[in-house]
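Note sheet for the following structure.
Every number here is computed from the coordinates shown, using simple stated rules; none is lab data. For clarity, every value in this text was computed on a predicted model and none was experimentally measured. When we count neighbours, we look across all protein chains shown, and the Cβ atoms used for this are built from the backbone with ideal geometry, even at glycine.
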Amino acid sequence: MYPNELVIFGAHFDSSSDKDGGNSSAFAPGAIDNASGTAAVMLVAKVFADQKFARTVQFVFMTGEVQGLYGSTAYADWLASLHDWHVKAVLILDSVAYTEHPYFGVGFSSNSNLASTDLVWGGMQAVEDIQRYFNEDFSFGTNLGAYGTDDVPFQRVGFPAIMLSNRLFKNYPGMPTSQV
């Protein structure tokens, strides 16, 4: 048992809009980005609720992603200041529910650390396993220069962190740029 080792599942629950010149207080339909990630983390928490793990598992919901990664930066900095916790993995779910395009991506930013790279390859293996299990034919890949989402602040402080998404630079309905 490793109770001081931490695995984090996280998502941001805020959204943004291109209306009014990117005004962060404008109406923002965020069904995909990122109500889907928030719901997915809640589902993982429900599935894991009765399980026993060797490491501590946290389910974290952040805000301020679209305004500048405020929530994830504050949390990552706080965790880095605690010397009795060892973060083993941070898995950020962002825009994970668009089903019209069978694409799943594991992304990490250009400033990723080596531990994050290892998580990417593990994530790709998990997607291959899921594909075989469900006998689904969908594509997946990595985005080695992914835009900044909530994985970036964790990487900056040295934690292994990746973003899981099925959009990676795709503009789908339910995105902040959608018209309603």
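In whole Hz and in residue order, list the ³J(HN,Hα) couplings for segment 71-76 that follow from phi through the Karplus curve 6.51 cos²θ - 1.76 cosθ + 1.60, θ = phi - 60°; x for Gly and Pro.
Values per residue, Gly and Pro as x: x, 5, 5, 4, 5, 5 Hz.
Per-residue HN-Hα couplings for segment 149-165, Karplus 6.51 cos²θ - 1.76 cosθ + 1.60 at θ = phi - 60°, whole Hz, x for Gly and Pro?
Rounded to whole hertz, the list is 10, 5, 6, 4, x, 5, 5, 4, 8, x, 8, x, 8, 9, 10, 10, 7.
Can you list the HN-Hα couplings for segment 49-57, worked out from phi with the Karplus curve (6.51, -1.76, 1.60; θ = phi - 60°), rounded to whole Hz and with x for Gly and Pro?
Per-residue couplings from phi come out as 3, 9, 8, 10, 10, 5, 10, 6, 10 Hz.
Sorting check: for 84-90, 40-46, 158-164, which peptide has the highest mean count of neighbouring beta carbons within 10 Å, and how do the rest follow?
Working: 84-90: 17.7, 40-46: 15.3, 158-164: 24.7.
Put in order of decreasing packing, that is 158-164, 84-90, 40-46.
For every other residue with a beta carbon closer than 15 angstrom to the beta carbon of Val44, add +1 if it is Lys or Arg and -1 if Asp or Glu, then tell me the sum. It would help to have the intermediate numbers written out before the result.
Working: positive: Lys46, Arg55; negative: Asp50, Asp94.
Here the charged neighbours net out to 0.
If you take the beta carbon distance between Phe13 and Phe48 as r and set R0 to 22 Å, what does 1/(1 + (r/R0)^6) give as a FRET efficiency, to the nearest 0.05? Mind dumping the intermediate values first?
Working: r = 19 Å, r/R0 = 0.88.
Computed FRET efficiency for Phe13 and Phe48 comes out at 0.70.
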